[in-house]
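Here's the structure we're looking at; comments come further down.
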Amino acid sequence: MVTQAQIARKLGISRQLVTFALAGYPQVSEKSRRRILDAAERMGYSPNPHARALRRERTGIIALWVPNQVSSHYAHVARELGRLLKQSRHELVIAEVTGDAAEQVFSHVPVDGIVAVDARSLVEAHLQKAARRTLPIISMGADCSERTDFVKVDLADGTRAVMKHLLGSGRRRVAHATFIQEPSPRAARRLAYERAMRAARLKPEYIYYPISQDQRLVLRNLIREYISKLGCPEAIFCHSDDVALGIYRGLCDLGVRVPQDLGLVGCDGIHDTEYLECPLTTIRQPVAEMCATAWRFLERRLAEPQAKRQAAVLKPELVIRESSRHLATKPVPATSRANTAVGRGSR
């Protein structure tokens, strides 16, 4: 293995100058830097990241906690954060965290800090452990903890915009497709939906589904069964775009027209929503801004462990497309079924 000392001897210069040039220090002239870099390349020099990490007392590795790796949204978050870290010469490890899985990450891969998306309960459990408190953690997303540095995406605000849009188009039977079956701190979309329905003196309607590796297929089948039992809502607001895409395909199977028979809205803003015969309305999350802010917070926390808590609240954007457009006339009411049937409720 070629060392910096060997490069220095080859060029007849000090090792310190070689170190400074390879590290990108501005004190080195461009001519000297180019000469040293060219020599390093010819000699096959490769920096030792482990030695560099030991000198800095850092690993150069950041962990990203996600609730699951099924969601296309979390894949988007991972790509964006990974891109930012590479620009700063850091590496990203991704962990799907449930239960004790968060702690297992550290037994295999030591990290400098954590960015946790939509993992409030795990972040707060982590903060309870004294041995972990020195490890910086940034909580971000719609379900984030405000007990540490955080970047919150206000999806309640986005949901209010969705409901104003759907109810304003004359639709009254508006259902919410969600996996969250009880109100909770993580249920910003569900709570805002329910409040909007009750404010309009309408009964909330929930289409419950399980989290699955085959999320879109599960929803494609579920919506066909749901409509066969309960009739067709006038609109469905979905917890995520993956859910909306599965429901859209199931509606196509049934011959239900979007938006003429049913308005459909997703949430997250993934690119797939733009590439259907009927592009989907969605709440676009500010993923790039969220990740950039979280990384800026983490960099500062690493440099200044005693700095005061950092916080940011970001607003999503309602992107209105063909799937929920206002109709010239009120949609034809779907056949009503008993409210006590499976999938409906007033919770």
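Quick one: which of 252, 267, 291, 278 is in a loop (DSSP other than H, G, I, E, B) and either closer than 22 Å to residue 219 by Cα or within 19 Å of the chain's Cα centre (by Cα) (or both)? Steps first, answer last, please.
Numbers: 252 fails: in a loop (DSSP other than H, G, I, E, B); 267 fails: in a loop (DSSP other than H, G, I, E, B); 291 fails: in a loop (DSSP other than H, G, I, E, B).
On inspection, the qualifying residue turns out to be 278.
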Got a sec? Which of 98, 59 is hydroxyl-bearing (Ser, Thr, Tyr), modelled with pLDDT under 75 and not in a helix (DSSP H, G or I)?
-> 98
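Of the residues that sit in segment 305-328 and are in a loop (DSSP other than H, G, I, E, B) and under 30 Å from residue 251 (Cβ atoms), which one is modelled with the lowest pLDDT? Steps first, answer last, please.
Residues of segment 305-328 in a loop (DSSP other than H, G, I, E, B): 305-310, 315-316, 320-321, 325-328.
With the extra rule that they be under 30 Å from residue 251 (Cβ atoms), the set shrinks to 315-316, 320-321, 325-328.
On the way: 315: 97, 316: 97, 320: 96, 321: 97, 325: 88, 326: 72, 327: 61, 328: 48.
Selected residue: 328.
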Please list, ordered by first then second residue, the pairs with beta carbon atoms under 6 Å, 6 or more apart or interchain, first in segment 214-227 and at pLDDT below 95, second assigned to a helix (DSSP H, G or I) and surrounded by 20 or more Cβ atoms within 10 Å (Cβ to Cβ).
-> 215/242
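Select, from 302, 280, the only residue that is among the hydrophobic types (A, V, I, L, M, F, W, C), surrounded by 13 or more Cβ atoms within 10 Å (Cβ to Cβ) and either in the same structural domain as residue 249 (by TED's automatic domain parsing) or modelled with pLDDT of 95 or more (or both). I'd like the intermediate steps shown before the answer.
Numbers: 302 fails: either in the same structural domain as residue 249 (by TED's automatic domain parsing) or modelled with pLDDT of 95 or more (or both).
After applying the criteria, what remains is 280.
Kindly indicate which of 241, 261 is of a type in the set (Asp, Glu), touching a Gly at 6+ places or on another chain (Cβ under 7 Å) and closer than 28 Å to residue 216 by Cβ.
241
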Of the residues that make up segment 175-192, is at least one over 23 Å from the mean Cα position of the chain (by Cα) and either modelled with pLDDT of 95 or more or farther than 23 Å from residue 241 by Cα (or both)?
-> yes
Checking residue 331 against (1) under 21 Å from residue 204 (Cα atoms); (2) at pLDDT 95 or above, which single condition isn't satisfied?
-> (2)
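Where in segment 122-230 are there helices (runs of 4 or more DSSP H), lying fully within it, with 3 or more residues that are assigned by TED's automatic domain parsing to the domain that holds residue 290 and under 22 Å from residue 296 (Cα atoms)?
Values: elements: 155-168, 188-199, 215-230.
Because the criterion is at least 3 residues that are assigned by TED's automatic domain parsing to the domain that holds residue 290 and under 22 Å from residue 296 (Cα atoms), no helices (runs of 4 or more DSSP H) in segment 122-230 meet it.
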So residue 265, is it buried (at least 20 other Cβ atoms within 10 Å of the Cβ) and over 27 Å from residue 287 (Cα atoms) = no
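So which residues in segment 275-316 are touching a residue at least 12 places away in the same chain (Cβ under 8 Å), of a type in the set (D, E, K, R) and within 27 Å of residue 256 (Cβ to Cβ)? Reasoning before the result, please.
Initial filter on segment 275-316 (touching a residue at least 12 places away in the same chain (Cβ under 8 Å)): 276, 278-295, 297-299, 301-302, 305, 309-316.
Imposing the further condition that a residue be of a type in the set (D, E, K, R) reduces the set to 284, 289, 299, 301, 309, 315.
Result: 284, single match.
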Scan 19, 3 and give me the residue that is within 23 Å of residue 89 (Cα to Cα), at pLDDT below 90, surrounded by 16 or more Cβ atoms within 10 Å (Cβ to Cβ) and among the hydroxyl-bearing types (Ser, Thr, Tyr).
-> 19
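Return yes or no: is residue 125 in contact with a helix residue (DSSP H, G or I) (Cβ under 7 Å, 6 or more places away or on another chain), of a type outside the set (D, E, K, R) and modelled with pLDDT under 95?
Numbers: in contact with a helix residue (DSSP H, G or I) (Cβ under 7 Å, 6 or more places away or on another chain): no; of a type outside the set (D, E, K, R): yes; modelled with pLDDT under 95: yes.
No: the conditions fail for residue 125.
The values are calculated or read from the model by the stated rules, or taken from the named source; none is laboratory data. Keep in mind that this is a model prediction, so the values were computed, not measured. Cβ coordinates were reconstructed from backbone atoms using ideal geometry, including for glycine residues, and neighbour counts include every protein chain displayed.
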